[in-house]
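The values are calculated or read from the model by the stated rules, or taken from the named source; none is laboratory data. This one's a predicted model, so the numbers in the text were calculated from it and none came from an experiment. Because the Cβ atoms are built from the backbone with ideal geometry, glycine has one as well, and the counts that use them run over all protein chains shown. We work out accessible area using only protein heavy atoms, side chains counted, and drop any ligands, DNA or RNA first. Shrake-Rupley method; radii C 1.70, N 1.55, O 1.52, S 1.80 Å.
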Amino acid sequence: MKKENVDVLIIGAGPSGIVSASYLHTQGIKVKVVEKSVFPRFSIGESLIPQCMDNLEEAGLLDAIKDYGFQKKFGARFIKGKEIGEFDFSDKYGAGWDWTWQVPRADFDTLLAREAQRKGIDIEFAAEVVDITFTSSKSITIIKNKQGDFKKIGADFIIDASGFGRVLAQKLQLEAKPQIAAHSSIFTHIEESNRPTGKEGTQITFEVLDTQVWFWYIPFSNGVSSLGFVAPNKWFDEFEKDPSSAFKGMLNKLDYYKKRFDKEKILFPPVKVENISKNVTQLFGDGYVLTGNSAEFLDPVFSSGVSFATSSGLLAAKLVQKQLNGLAVDWQKEYVDHIKKGVNVFSTYVKEWYTGNLQKIIFHPNPNPEIKKQICAVLAGYVWDESNPFVKKHDRILKNVVRLIDMESPEVKKNNLF
Ligand SMILES: Cc1cc2nc3c(=O)[nH]c(=O)nc-3n(C[C@H](O)[C@H](O)[C@H](O)COP(=O)(O)OP(=O)(O)OC[C@H]3O[C@@H](n4cnc5c(N)ncnc54)[C@H](O)[C@@H]3O)c2cc1C
């Protein structure tokens, strides 16, 4: 069996793995990325949030994608019946990016991976990790390529960025109970023949069918749009078994978008992913760390996946570099505690979305502008900025605001002040 040695082996060439690889390579560390598929490949996770721009920039990857022409995303719209809640990232609390992109991930991930290769990073595609053994100071990973040949890779450290591949979570039995109740999703792409011009045809929109059930519309700059539903697992039982017929039935339940997509060509049979939320018992161990989706996934409602994947990928890379330089790293404090801080904020917002509390705030007819700015900063991904009360007191503040809303008389509601 062929054998090679690297300082750091990264599993997965998604945004998390490439951000880690790019950072470490720039610091002079020998990295190798192994990726089981061949790019371009489809991936879900197409609506970014502004905070991920910070990570792409720091990893030296932003310049390579900024002129590609992805659809710019300046905010998001939520619709429920006649109610509309709209957020504009330029009107958020605090510093940070006020725009980002809506991206077909096949293109986005390929651009990132190509940029990494251009920098000189070794990415082996069509190479699946099939086994890993940890010894006291090193790990040996076995990869299998498309021809069925095996190779051994020795590494001082492994960054598991394998997303839903969940390589180490499965190998080391780290799977844990998810933070969010059992939800599934079904999605596809369409080619829009009659897309409205202007904001209506470019703005990401979430249509709420029921407190627990919602739909996304993500228009891309290439005329293709992503459509998807997220709901409790049992909601899907009321539709036909065949995914295309089921999807049509779901589109029929929409209020705002009903009829808009009826005649459009579906580009692939709708894909269903069950039990989307993921969690693990530990995020690091001797010689390894988990980043991105391989570590945790909450829910797509606030488009936080790629932001979390790149934040954790970047931080893990910095700590791996520190450790390889002979400095002590307190992985619990420097990695887990920091990452969990952000995840816990998002987790509160996702949970309060599904209790209906956050929807009450978002759809308030006359929102308090200061509160809206602070919530907008959270939706932009700035979940580590503790100067924002909607970050720092996330576990209480949404409930408190809802209590005030519930006490409002119709007169107050009209003039507002929640
Ligand atoms: C329904 C749904 C909708 C979503 N919508 C959004 C959204 O709008 N915005 C957002 O930011 N996020 C969204 N997400 C989350 C988003 O998909 C992920 O958070 C993001 O892709 C994670 O990036 P990653 O780099 O961790 O993993 P990935 O992008 O999944 O990359 C992991 C890579 O590892 C490779 N791999 C897996 N196993 C192996 C193996 N054994 N050997 C080698 N390679 C392997 C895979 O082929 C893959 O390329 C959504 C998720 C779901 C389920």
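Note on ILE142 and ILE84: the extension gain reaches 15.7 nm, defined as 0.36 nm multiplied by sequence separation minus the Cα-Cα distance. Here's how it looks for PHE297: its modeled amide H is under 5 Å from those of LYS278, ASN279, which are all 5 or more places away or on a different chain.
Once both labels are positioned 7 Å from their Cα atoms along Cα-to-Cβ, the gap between PHE42 and THR197 label points is 3.2 nm.
Split the accessible area of the chain by element, probe 1.4 Å, and carbon with sulfur accounts for 50%. Sorting 284-291, 112-119, 328-335 by average packing, meaning the other beta carbons within 10 Å per residue, from highest down gives 284-291, 112-119, 328-335.
Which FRET efficiency value, to the nearest 0.05, is calculated for GLN117 and LYS265 with the Förster distance at 45 angstrom and r the Cβ-Cβ distance? It comes out at approximately 0.85.
Seen through its C-alpha gyration tensor, with square-root eigenvalues sorted a ≥ b ≥ c, the range 53-114 comes out oblate because a/c lies at 1.5 or above while a/b is not bigger than b/c.
Phi-derived couplings, Karplus 6.51 cos²θ - 1.76 cosθ + 1.60 at θ = phi - 60°, listed residue by residue for the range 7-16: 6, 10, 9, 10, 9, x, 9, x, x, 5 Hz, with x used for Gly and Pro.
Subtracting the Cα-Cα distance of ARG396 and LYS258 from their residue separation scaled by 0.36 nm leaves 46.0 nm. Sorting 39-49, 120-130 by their mean Cβ neighbour count within 10 Å, with the most densely packed peptide first, gives 39-49, 120-130.
Segment VAL273..LYS340, full-extension length gain: 21.6 nm, with 0.36 nm per residue of separation and the alpha-carbon distance subtracted.
Over the chain, dividing the summed -39,500 (n - 2.57) contributions of all DSSP H runs of at least 4 residues by the number of residues returns a 222 nm mean residue ellipticity of -9500 deg cm²/dmol. Summarising the amide proton neighbourhood of ASN368: residues at separation of 5 or more, or on other chains, whose placed amide H is nearer than 5 Å comprise PHE418. Residue-wise HN-Hα couplings along the range 385-397, as the Karplus relation 6.51 cos²θ - 1.76 cosθ + 1.60 with θ = phi - 60° gives them from phi, are 8, 6, 6, 8, x, 7, 9, 4, 10, 3, 6, 10, 5 Hz; Gly and Pro carry x.
With all protein chains kept in place, the per residue accessible area of the chain amounts to 43 square angstrom at a probe of 1.4 angstrom.
Roughly what % of Cα-Cα distances in the range 183-273 sit above 22 Å, to the whole percent? Here the tail beyond 22 Å accounts for 20 percent of pairs. Compared with the dominant principal axis of the Cα atoms in the chain, helix 305-324 is inclined by about 30°. Sorted on the mean count of surrounding Cβ atoms within 10 Å across their residues, most packed first, peptides 344-357, 93-106 read 344-357, 93-106.
For GLU124, the residues 5 or more places off, or on other chains, whose built amide H falls under 5 Å of its own are VAL33, VAL34, GLU35. Listed values for the range 68-75 are Karplus-derived 3J(HN,Hα) couplings in whole Hz (6.51 cos²θ - 1.76 cosθ + 1.60, θ = phi - 60°), namely 6, x, 4, 4, 6, 10, 9, x, and x replaces Gly and Pro.
Computed on the chain, with alpha-carbon pairs under 8 angstrom and 6+ residues apart, the relative contact order is 21 percent.
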